[in-house]
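Here is the structure we will look at, set down as structure tokens.
The values are calculated or read from the model by the stated rules, or taken from the named source; none is laboratory data. In this text the structure is predicted, and so the values were computed from the model without any measurement. We place every Cβ from the backbone using ideal geometry, glycine too, and count neighbours over all the protein chains shown. Please note that ligands, DNA and RNA were not included when accessible areas were found on the heavy atoms of the full protein model with its side chains. Shrake-Rupley method; radii C 1.70, N 1.55, O 1.52, S 1.80 Å.
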Amino acid sequence: MADLSLLQQETDALFSRKKWIGFAVPAVILAYFVYVFFAFDIPGLAQRAKMENAVILASDSWSYKTHVTRSHRSGEIDYAIEGERKGRYPEGTRPDWVSGEDEVVVDLGDGSVVTLFPDNYTEIDLPGFGKIEAQLEGGKITTNLGDDVPDWIKAGPRRVSVFTENGRVTLTRSKTEIFRYAGGWELFFFTLASPYHGVGVSKILFGDQIDPERSNLKGAWQDFWGNPMWRHGDVLWAIGETILMAFLGTFGAAMVALPLAFLAAKRFTPILALRFGMRRIFDFVRGVDGLIWTIVLARAFGPGPMTGALAILITDTGTFGKMFSEALENVDNKQIEGVFSTGAKPLQRYRFGVIPQIVPVLIAQVLYFLESNTRSATIIGAITGGGIGLLLTQAMQTQKDWEEVAYYIVLVIVMVMVMDWLSGWLRGRLIGKKD
């Protein structure tokens, strides 16, 4: 009976602990999420979020803007894609949705019409709203708008902005600028200055010679490759730099880590102090993030792709050293003894008895890190000033060329996919396995 009573007490205590744990764990999780809710200022984040900015950003990534700009000082009107000089319409040409001479009429395509009159006077005719009149007088912009205006109109004495479905009109003291949006990546192949702009592929391949000084194929390739707006030649070179940073950093780290891994493996290094010190070195170099190494090395050696490769090399040396040393701990002694029985020297025993056993692990890990570092090299390149990361950062900093940002992101994704396929193919060929 005493044993039964003791067993009953232990059972009750066990159920009591389980009941307490079942209550405590959800309470701790709930408290943690409440802490996160306030620590990260979720209410303030939701209040500051502006979905219209996200919509503009998304639309800018797959569309382009044609700028019609009138200078308030000279009265001259310029027409350019994305407002860049490289995308400027040649003298005497303009978009077909712009008409008039003294009074220039701009059709935004959604029923909205903007008319530019002399003396810096502008009329904006909006369907369903009416006509907005604006003029620069004495350094101030006067309009016929009252105090009650919709959210898509911003009116002040120094700046007036009107947003429409297909465009935007902005008036400042220096200029009147009209944006008209259109889908696609305009001038991706040829700029307006190229004789091949707007020419079909069949005409370039099989038609008459367009440029008297060049054949169609040669001229089209030169104008595409040297496109000053999209810079395809520079982009391909930057992609090559990014891959090279990942390749040099990854394989350089593997070459440095492999001999050092023998010093960190207990089976091959009986000296405790040496083994302990090597493992701590591996912990140190991999414990510091690659981005921090990038900043330190950029300070020491200056920016450039080689700095990024060194940052990857240092970080991955620690990671590879740990993985390779663990693989060395698990090698089979029978193969080493078999090589030893032939009278092989120590280095030969390592070469023919140890290395073949860890080659599958070595190749698999190195190829995986090569794929991963290809993506990481994009961010590292943004800091060190090399590779596709530099072009991506420059495009983001302009806050206007988001279609170029989308283009670079697509290229990075394709690059990672190709490296993933290539590393899988190499693993299958070298190890005898296929993903």
Between Q209 and Y32, what is 0.36 nm times their sequence separation minus the Cα-Cα distance? Round to one decimal in nm. 56.6 nm
Pop out the carbon and sulfur fraction of the accessible area of the chain as a percent, whole number, probe 1.4 Å. 62
In the neighborhood of T191, defined by Cβ-to-Cβ distances under 12 Å, what is the net charge if each Lys or Arg adds +1 and each Asp or Glu adds -1? 0
Please find the FRET efficiency linking D283 to Q47, where r is the Cβ-Cβ separation and R0 is fixed at 56 Å, and quote it to the nearest 0.05. 0.80
For Q335 and A193, FRET efficiency with R0 = 51 Å and r from the beta-carbon atoms, rounded to 0.05? 0.15
Need one number: the % of Cα-Cα pairs in region 207-258 sitting beyond the 16 Å mark. 61
With a 1.4 Å probe and all protein chains left in place, how much accessible area per residue does region 123-270 have, in Å²? 55
Taking a 25 Å limit on the Cα-Cα distance, which of the listed pairs K86/K154; K86/K175; K65/K154; K65/K203; K131/K154; K86/K131 fall beyond it? K86/K154; K65/K203; K86/K131
Relative contact order [Cα under 8 Å, 6+ residues apart], region 71-128, whole percent: 20
For region 61-143, what is one quarter of the convex hull surface built on the Cα atoms, given in nm²? 6.8
May I ask you to evaluate 6.51 cos²θ - 1.76 cosθ + 1.60, the Karplus curve with θ = phi - 60°, for each residue of region 112-125 and list the ³J(HN,Hα) values in order in whole Hz, giving x for glycine and proline? 7, 10, 10, 10, 9, 9, x, 6, 6, 9, 10, 10, 10, 9
Counting only C-alpha contacts under 8 Å and six or more residues apart, can you give the relative contact order of the chain as a whole percent? 12
Per-residue [θ]222 nm for the chain (sum of -39500 (n - 2.57) over DSSP H runs n ≥ 4, rounded to 500): -19000 deg cm²/dmol
Label-point separation, D119 to T170 (7 Å along Cα→Cβ), nm: 2.8
Obtain the radius of gyration and the Kirkwood radius of region 171-242 from its C-alpha atoms and give Rg over Rh. 1.12
Just to compare against my own numbers: the Cα pair-distance distribution for the chain, 10 Å bins, whole % per bin, please. 4, 13, 16, 17, 16, 13, 10, 6, 3, 1, 0, 0
Of G385, G233, G139, the one that fluctuates the most in a GNM where the chain has Cα springs shorter than 10 Å: G139
Sites Q135 and D102 - FRET efficiency at Förster radius 22 Å, r taken between beta-carbons, to 0.05: 0.85
Run the numbers for L272 and A39: contour at 0.36 nm per residue of separation, minus the present Cα-Cα distance, in nm. 79.3 nm
Residues of region 289-315 with amide N under 17 Å of a point placed 7 Å along Cα→Cβ from Q394: 303-306
Would you mind checking the radius of gyration and Dmax of region 242-281 based on alpha-carbon positions, in Å? 13.1, 41
Label-point separation, L291 to I355 (7 Å along Cα→Cβ), nm: 3.8
Taking the Cβ of I81 as the centre, find all other residues whose Cβ is under 10 Å away and add up their charges (Lys, Arg: +1; Asp, Glu: -1). 0
May I ask for the net charge around I141, where only other residues with Cβ less than 9 Å from the Cβ of I141 are counted and Lys, Arg are +1 while Asp, Glu are -1? +3
